[in-house]
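*Asks:* This is the structure I have questions about; it appears just below.
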Amino acid sequence: MAHEEIVERYSRLARAAAAGRVIADCGSGASTQGCCGAAGYDDTDALPEGAVSTSLGCGDPVAVAGLRPGESVLDLGSGGGIDMLAAARRVGPGGTVYGLDASADMLALARRNAEQAGVSNTVFLHGTIENVPLPDRTVDVVISNCVINLSDDKTATLAEAFRVLRPGGRLVVSDIAVDGDLDARRRQEAERRIGCVAGALPVPTYRQLLLEAGFIGARITLSADHGDGVHSAIVQAVKPAAGPGLEIRPMRQSDAEQVLVIYQAGLETGQASFETTAPSWEGFDAGKLAHPRYVAVDTATGQVVGWVAASPVSSRPAYAGVVEHSVYVHPGCQAHGIGRALLEAFIAASEDAGIWTIQAGIFPGNAASLALHEKLGFRVVGIRESIGRHRSAWRDVILLERRSTVAGQ
């Protein structure tokens, strides 16, 4: 269904609700089973009837978001406002809840429901979830309820959620997900029964898109089973934490020049690698895994101050989950926790990607790198004595490994 059709569909439902009619976006059977509407909530007693009766979600993201007083929240596709109001009560007067919707009629309905509830810490935004009208790093939590499956550009939607979250911020989404692949006939049957399946993602694809957006700690918990492999689901993930004034995000091609400058600066110390000259971007890109790759960025200047990436150790299938990583920090920004933040993000993302062993080869003289890796769970597994010549001298390399307790088990 095209974007304009979706907006008009929900605008019609909003106008019907404003006229006092009961609305639903799925069949009556699905509604009573918790697929959509108020049946997906455990407790609606504190919410106004106008918001409850216009709920079109497939779960209760606020119930599991762990919202705290003073936090700021963005609701993607806020509809009639039921999740906004629940969130607004939890974050209290010191917090703010932004409701974003592409339907002006839905926003008008949500404003009316907020007024009836006496809630004032809400801000209503007219726009799309693929292009959120908020600055970078604005909110602590992004929620959504049965809306991301409707997007025709889920990559952009998740990238926008990542962008507007502060470092360490949380994504908590109720959505429809598919357990396995559905053929066209089964999708059509589920769509007729539930009303929101056409754009639903298979669980592995959802996980991959979260990884590509930069999220870590991805969890997709299937809840209500609607048949034909279709489920309501809670999707949770985190934006990597970083120190003050820093952001850790996926590496982009536009970062190439700064990444290679930092790479070269590290090589010139004589303690980073046997290499003496950084590769071209094409060489770097071809030799590293596409995901995960992260950069640390100074949020005031946009300057890249560090990066982490990895290469596969072998093309043999048995080693599919074994990689060798590199982490480099700008020489003027060391001893500020940037390397640790990058490596922590990489470890978490690698486990999400199914990587079970991360290797590192470190010169004995690089005491800071050895200490960092050992703090983050790497263990020395051996010394490769005089393994290569560097600047006319034979050098040892200490081999360290970190074995995941999650991936590969």
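*Asks:* Residues of segment 239-252 being part of a strand (DSSP E or B) and touching a helix residue (DSSP H, G or I) at 6+ places or on another chain (Cβ under 8 Å), which ones? Steps first, answer last, please.
*Replies:* To start, the set of residues in segment 239-252 that are part of a strand (DSSP E or B) comprises 246-250.
Within segment 239-252, Leu246, Ile248, Arg249, Pro250 qualify.
*Asks:* While we're looking at this one, here's another question. Among Val380, Val327, which is of a type in the set (A, V, I, L, M, F, W, C) and either touching a Cys at 6+ places or on another chain (Cβ under 9 Å) or closer than 17 Å to Ser273 by Cβ (or both)? Break it down stepwise before answering.
*Replies:* Details: Val380 fails: either touching a Cys at 6+ places or on another chain (Cβ under 9 Å) or closer than 17 Å to Ser273 by Cβ (or both).
Sole residue among the options that is of a type in the set (A, V, I, L, M, F, W, C) and either touching a Cys at 6+ places or on another chain (Cβ under 9 Å) or closer than 17 Å to Ser273 by Cβ (or both): Val327.
Yes/no matrix, rows are residues, columns are (1) under 26 Å from Gly217 (Cα atoms); (2) in contact (Cβ under 8 Å) with a residue 60 or more places away in the chain; (3) small (Gly, Ala, Ser):
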site: Ala318; (1), (2), (3): yes, no, yes
site: Gly321; (1), (2), (3): yes, yes, yes
site: Gly339; (1), (2), (3): yes, no, yes
site: Phe346; (1), (2), (3): yes, no, no
site: Ala349; (1), (2), (3): yes, yes, yes
site: Arg379; (1), (2), (3): yes, no, no
site: Asp396; (1), (2), (3): no, no, no
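*Asks:* For segment 73-102, which residues satisfy the criterion of being of a type outside the set (A, V, I, L, M) and surrounded by 24 or more Cβ atoms within 10 Å (Cβ to Cβ)? Show your work before the answer.
*Replies:* Taking segment 73-102 first, the residues of a type outside the set (A, V, I, L, M) are 75, 77-81, 83, 89-90, 92-96, 98-99, 101.
The answer is Asp75, Gly77, Ser78, Gly79, Gly80, Gly81, Asp83, Gly99, Asp101.
*Asks:* Could you grab me the full set of residues in segment 253-276 that are at pLDDT 95 or above and assigned to a loop (DSSP other than H, G, I, E, B)?
*Replies:* Result: no residue meets the conditions.
*Asks:* Out of the residues in segment 139-160 that are touching a helix residue (DSSP H, G or I) at 6+ places or on another chain (Cβ under 8 Å) and polar (S, T, N, Q), which is farthest from Ile6 (Cα to Cα)?
*Replies:* The extreme case among them is Thr155.
*Asks:* Right, another one. Is there a residue being among the β-branched types (Val, Ile, Thr) and touching a helix residue (DSSP H, G or I) at 6+ places or on another chain (Cβ under 8 Å) anywhere in segment 335-354? Let's see the steps before the verdict.
*Replies:* Let us first name the residues in segment 335-354 that are among the β-branched types (Val, Ile, Thr), namely 338, 347.
Adding the requirement that they be touching a helix residue (DSSP H, G or I) at 6+ places or on another chain (Cβ under 8 Å) leaves none.
Checked segment 335-354: no residue is among the β-branched types (Val, Ile, Thr) and touching a helix residue (DSSP H, G or I) at 6+ places or on another chain (Cβ under 8 Å).
*Asks:* A follow-up question, please. Taking segment 265-289 on its own, how many of its residues are without any contact (Cβ under 8 Å) to a residue 12 or more places away in the chain and among the hydrophobic types (A, V, I, L, M, F, W, C)?
*Replies:* 2
*Asks:* Which of the residues belonging to segment 269-282 are of a type outside the set (Asp, Glu) and over 26 Å from Asp396 (Cα atoms)? Write out each step before concluding.
*Replies:* Of segment 269-282, the ones of a type outside the set (Asp, Glu) are 269-274, 276-281.
Within segment 269-282, Ser280, Trp281 meet the criteria.
*Asks:* Just the residues that are under 22 Å from Ala318 (Cα atoms), surrounded by 18 or more Cβ atoms within 10 Å (Cβ to Cβ) and not aromatic (Phe, Trp, Tyr), please, taken from segment 360-380.
*Replies:* Ala360 - this is the single residue of segment 360-380 that is under 22 Å from Ala318 (Cα atoms), surrounded by 18 or more Cβ atoms within 10 Å (Cβ to Cβ) and not aromatic (Phe, Trp, Tyr).
The values are calculated or read from the model by the stated rules, or taken from the named source; none is laboratory data. Remember, it's a predicted structure, so these values are computed and weren't measured experimentally. Cβ: placed from backbone, ideal geometry, glycine included. Neighbour counts: every protein chain shown.
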